Every structure is written in structure tokens, then in C-alpha cells.
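Shown next, in C-alpha cells, is the structure this report addresses.
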Amino acid sequence: MATVNLPRSLVALFVDPPPRQVQIDAATLGDLIGQLDQRWPGMHDRLCDPGPQLREHINVFVDGERERDLAAPLATGAEVHVIPAVAGG
Amino acid sequence: MSQRVQVLVGTRKGAFIVESDAARRTWTTRGPFCDLWPIHHFIRTADGTLVAGGGNAWYGPTVWRSADDGTTWSQSSSGIDYGADGPKIPSVWHIAQSNGKLYAGVEPAGLFRSDDAGQSWTHVAGLREHPSRPQWEPGAGGLILHSIVPHPTDLDRMWIAISAAGTFETTDGGGTWATRNKGVRADFIPGPTPEFGHCVHKLKLNASEPDTLYQQNHCGVYRSDDAGRNWVDLSPGLPSEFGFPLQIHPHDPSTIYVIPHAGPEDGRQMVGGKAEVWRSRDRGASWQALAEGLPQQNAFLTVLREAMAADNLDRPGIYFGSSAGHLFASNDEGDHWQKIAEYLPSIWSVEVAVVDD
């Protein structure tokens, strides 16, 4: 089970907004985003370009390390932060 | 039954609604909506749904919708992409409604259609299959599809305009497209006038006269009397041929409004720092400056391509917004003006709806 921390500007985009911190059981980062999208339809489009790949100005950190690879595995108990880049605001 | 005039304002940081009764003298402002996203275009559809298109540098392009007059909003960009091998789409630039369907123009230039009120979108791929597409070049605002002009009765016909590729028309529902730029100059391309590559800034028609199209172009103001096949230059008499928006009088397709700006190499703002709207009542043969109530010195405002509109009351109101966040209105066809909002974020679009309460 991973703990995912979501930014205010992302959760605000959904009619039934997710909490800022969500528990997700996912094997990879891509799987995690897919499960978020199932619970909050459209979240995949907000985080990923076609490919899919993470959008340029979306930063994801897994256990403190920046991660861009959607195939990256998530260890049990992983702490994931989704953070909008400083650029882009 | 009372009427409410709703000016829908898209800005660099959110959408706003500026409202009045039908007298259009006293105004109130609501917003910002759309969570402060950059909004390129903001309309009210025939069923009263508010629809706003834009893009956010973090989260990409999307279309916002509100079915309760702005109280609650949802957003979706499902289907607004060119696939894994295509270019990324940073933003939606224009929204139009035709026959119950929504259309979205995006950057880089392409057209999408929604059959479910904006919940999901389908690429109208025929436009980007036009043989000229590899040679389309961006204007200063990007390679953008900014004008969608459906034919009012023939549902298979539509014109679109792209900066800087020009005007295109489809007569088969978007399957194939033809260039419609004959007679329009493209001074920034040396040599003979090309078939495409023109920098249209805004393209419009009046539904009562659908063979008459008008455009404000990088290189002049033009009218076509044959549905875009040939164009004539209407710029003589204007202080500058350069500008961004153009508006047609809702009840008289012979009356049009433009906002001349200093040229592309001279600042692209109100000529001489005097805010003026110019009106022609004879299809562009002659022009009259309208400045009563507008600032006449040190007003170096820019009015962008989507930022002028008209309501459809008996004596129509004309509206425009500036990149410095001013919103101006006339309740008498442009004869007199008042500032109805200021200090908004940079205004990118202005549309108007008359709502029956």
C-alpha cells in the first residue's frame, strides 16, 4: 500500500474531490495513476500526456527520489508526492 | 420575465461573469471561476450551460462546464489529444456550438467535436490531413485554431481559421477542407500571394447572411461575399490595418466593428494611446471612429482576438476587454462607452449572453 500526497490545485479539479492524502495498493507508478483515474475519472489526463508519460511540469517523488518512469515499481509502504513544478504557475 | 445580460470574460487567471439588467448601466462582477486556470474562450450554450476552454502549464488542456450558472464546475479533456506520436496540446483556444454539438479549436491547430456536451471529444482529423499542414507556421500566439464558424443551416459546412495557416472550409462535415484565402495578403511571405499561410486574427459571419464572411487579418480587414472564395480589402479609411478582434452587428450584417492597433512592428496596441473602436455601416466601404467615454490619452491597451462581442438586444451592446484587465461596454451600438470592470487579470476573451429569468 502506497501513500499518495496530492496537491491542492489537482484535487480542486474534481466535482467529488479526493482527499489530499490517499492510500493506493499499486505495483507501479503507472498502475497508481490508473487507479486514481478509476476513482476520480479524468485524473490520468491531468497528470499524463499521451504515451502515456508524465506531463512536463508534473513532478513525482517516490520515497524522496524524483521519478519519471511510469513503469517504476512501488515498494510496500512507498510515500509518493505529486507536486506541480515551480515553473508553470 | 426579466432579462439579464451576462458578459463572459476569459482571462489569464480564471473566468469571470460581469452582469447587468437589460438597461446595461450598472454592473456586478462574479468570479474567478475555473480554479484560476488560463481561459482562452468562455461561452454560454443554447441550453444555458457555461463552457470555458483553456490550458494550464501543469495539467494541460481542458474544457470546463457549469450547468448551474457558475456555482459548480466540472472539467474534461477526454479525447483532446493527437495520440502518442502526435504533438502535445497545451491549450484549448476556442469553443463553438452547432446543432447541439460542441467544437473546440486547439493549439497546435486542430479541431475536436463533442457529441455529449463536452464530456468527451473526437478529433476531426480531416483538417490536419490537409496537404498544407506540414507547412503551417505559428503566429505570435502560437499555431492556433481560433475561429470556428459553422454554417447556420447547412450542417456539413463550416469555416475555421488558423494563425498562421489561413481560412479553410469544409462542405462534408469535416472530412475534407479547402483553402479560402484568395485576395488576402500575406506580406510576411515574400513573392506571390500564397494559397495558404495567411495570418487570420478573427473570422466571423452573421447567420442572417451566411455567404458574407468578415475577417480581421494581420494584413488588413476583409469581406467575402461568396462564402470565402474571394476577399476584398476593407482597410482604407482605418488608422491601421492591423488589429485582432472583429464583431458583426447582430441585426445588420452590413455593420461591423474593429479595433485598429499599431502595426506588428509598432507595439500592437491602441494607435497613439487613444482607445477607439471603429464602425462601418456600409460593409467596410467607410469607417467612423467611436471614442465617446473611452480613454483618449496614455491608453496603450491591447485588445486580443477573442475580446470583443455584441449582445442581441434591440439596440445591441458592444463589449471589449483589454490585456490590462479593463472591460468596456456600450449599450447603444458603440456610440457611447463606459468602463464596467477593471483590475481583472489580462483579458483574453469576451462573449455576451442575454439570459431570460
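Whether any residue in the range B:255-264 is within 19 Å of B:Ala140 (Cα to Cα) and surrounded by fewer than 17 Cβ atoms within 10 Å (Cβ to Cβ) is what I want to check.
yes
Exactly one condition in (1) within 15 Å of B:Gln6 (Cβ to Cβ); (2) within 14 Å of chain A (Cβ to nearest Cβ); (3) of a type outside the set (Asp, Glu) is false for B:Trp27; which is it?
(2)
Somewhere in the range B:96-111, is a residue within 12 Å of chain A (Cβ to nearest Cβ) and either surrounded by fewer than 17 Cβ atoms within 10 Å (Cβ to Cβ) or out of contact with any His (no Cβ under 6 Å at 6 or more places or on another chain) (or both)?
Among the residues of the range B:96-111, not one is within 12 Å of chain A (Cβ to nearest Cβ) and either surrounded by fewer than 17 Cβ atoms within 10 Å (Cβ to Cβ) or out of contact with any His (no Cβ under 6 Å at 6 or more places or on another chain) (or both), which makes the answer no.
Are there any strands (runs of 3 or more DSSP E) wholly within the range B:1-46 with 1 or more residues that are of a type in the set (Ser, Thr, Tyr), and if so which?
Because the criterion is at least 1 residues that are of a type in the set (Ser, Thr, Tyr), the strands (runs of 3 or more DSSP E) in the range B:1-46 that meet it are B:3-11, B:14-21, B:28-33.
Report whether or not B:Ala165 is of a type in the set (Gly, Ala, Ser) and at pLDDT below 95.
Taking the combined requirement at face value, the residue does not satisfy it.
Out of curiosity, is B:Arg12 of a type in the set (D, E, K, R), over 29 Å from A:Asp49 (Cβ atoms), more than 10 Å from chain A (Cβ to nearest Cβ) and crowded, with 16+ Cβ neighbours inside 10 Å? I'd like the intermediate steps shown before the answer.
Values: of a type in the set (D, E, K, R): yes; over 29 Å from A:Asp49 (Cβ atoms): no; more than 10 Å from chain A (Cβ to nearest Cβ): yes; crowded, with 16+ Cβ neighbours inside 10 Å: yes.
Taking the combined requirement at face value, the residue does not satisfy it.
Write out, first by first residue and then by second, each pair whose Cβ atoms fall under 9 Å of each other, whose residues are 6+ apart or on separate chains, and whose first residue, in the range A:63-89, is more than 21 Å from A:Ser9 (Cβ to Cβ) while the second is among the charged types (D, E, K, R) and assigned to a strand (DSSP E or B).
Listed by first residue and then by second, the contacts come to A:Asp63/A:Glu79; A:Gly64/A:Glu79.
Under the condition of being surrounded by fewer than 24 Cβ atoms within 10 Å (Cβ to Cβ) and hydroxyl-bearing (Ser, Thr, Tyr), which residue from the range B:186-223 is farthest from B:Asp154 (Cα to Cα)?
Result: B:Thr193.
What are the residues in the range A:1-27 that are within 14 Å of chain B (Cβ to nearest Cβ) and basic (Lys, Arg), if any? Let's see the steps before the verdict.
Residues of the range A:1-27 within 14 Å of chain B (Cβ to nearest Cβ): A:6-17.
Within the range A:1-27, just A:Arg8 meets the criteria.
Identify the residue in the range B:58-95 that is among the hydroxyl-bearing types (Ser, Thr, Tyr) and over 24 Å from B:Gly31 (Cβ atoms) and, among all such residues, is surrounded by the most Cβ atoms within 10 Å (Cβ to Cβ).
Step one: of the range B:58-95, the residues among the hydroxyl-bearing types (Ser, Thr, Tyr) are B:59, B:62, B:66, B:71-72, B:74, B:76-78, B:82, B:91.
Narrowing further to those that are over 24 Å from B:Gly31 (Cβ atoms): B:78, B:82.
Values: B:Ser78: 18, B:Tyr82: 16.
Among residues in the range B:58-95 that are among the hydroxyl-bearing types (Ser, Thr, Tyr) and over 24 Å from B:Gly31 (Cβ atoms), the one surrounded by the most Cβ atoms within 10 Å (Cβ to Cβ) is B:Ser78.
Test B:Arg128 against the criterion of being in contact with a strand residue (DSSP E or B) (Cβ under 6 Å, 6 or more places away or on another chain), more than 9 Å from chain A (Cβ to nearest Cβ), basic (Lys, Arg) and free of Cβ contacts under 8 Å to residues at least 60 places away in the same chain, and give yes or no. Let's see the steps before the verdict.
Working: in contact with a strand residue (DSSP E or B) (Cβ under 6 Å, 6 or more places away or on another chain): yes; more than 9 Å from chain A (Cβ to nearest Cβ): yes; basic (Lys, Arg): yes; free of Cβ contacts under 8 Å to residues at least 60 places away in the same chain: yes.
So B:Arg128 passes the test.
Scan the range B:65-89 for residues that are outside any loop (DSSP other than H, G, I, E, B) and either within 9 Å of chain A (Cβ to nearest Cβ) or in contact with a Gly (Cβ under 7 Å, 6 or more places away or on another chain) (or both) and jot them down.
Answer for the range B:65-89, where residues must be outside any loop (DSSP other than H, G, I, E, B) and either within 9 Å of chain A (Cβ to nearest Cβ) or in contact with a Gly (Cβ under 7 Å, 6 or more places away or on another chain) (or both): B:Arg65, B:Ser74, B:Gln75, B:Ser76.
Of all residues in the range B:140-154, which are more than 20 Å from B:Gly53 (Cα to Cα) and surrounded by 13 or more Cβ atoms within 10 Å (Cβ to Cβ)?
Correct list: B:His151, B:Pro152.
Could you list, in sequence order, all residues of the range B:39-57 that are surrounded by fewer than 20 Cβ atoms within 10 Å (Cβ to Cβ) and more than 9 Å from chain A (Cβ to nearest Cβ)? Explain how you work it out, then say what you get.
Start the filter on the range B:39-57 by keeping residues that are surrounded by fewer than 20 Cβ atoms within 10 Å (Cβ to Cβ), which leaves B:45-49, B:57.
Within the range B:39-57, B:Thr45, B:Ala46, B:Asp47, B:Gly48, B:Thr49 qualify.
I need the full set of residues from the range B:90-107 which are out of contact with any Ser or Thr (no Cβ under 8 Å at 6 or more places or on another chain) and either small (Gly, Ala, Ser) or assigned to a loop (DSSP other than H, G, I, E, B) (or both), in order please.
If the condition is that a residue be out of contact with any Ser or Thr (no Cβ under 8 Å at 6 or more places or on another chain) and either small (Gly, Ala, Ser) or assigned to a loop (DSSP other than H, G, I, E, B) (or both), then B:Pro90, B:Ser91, B:Ala96, B:Ser98, B:Asn99, B:Gly100 are the ones that fit.
So which residues in the range A:49-89 are outside any strand (DSSP E or B), more than 11 Å from every other protein chain (Cβ to nearest Cβ) and not acidic (Asp, Glu)?
Matches in the range A:49-89: A:Gly64, A:Arg68, A:Leu70, A:Ala71, A:Ala72, A:Leu74, A:Ala75, A:Thr76, A:Gly77, A:Ala78.
Taking the range A:1-48 as the region of interest, how many residues are surrounded by fewer than 17 Cβ atoms within 10 Å (Cβ to Cβ) and assigned to a strand (DSSP E or B)?
5
The values are calculated or read from the model by the stated rules, or taken from the named source; none is laboratory data. Keep in mind that what you see is a predicted model, and the values were worked out from it rather than measured. No Cβ is skipped: glycine too gets one built from the backbone with ideal geometry, and neighbour counts run over all protein chains shown.
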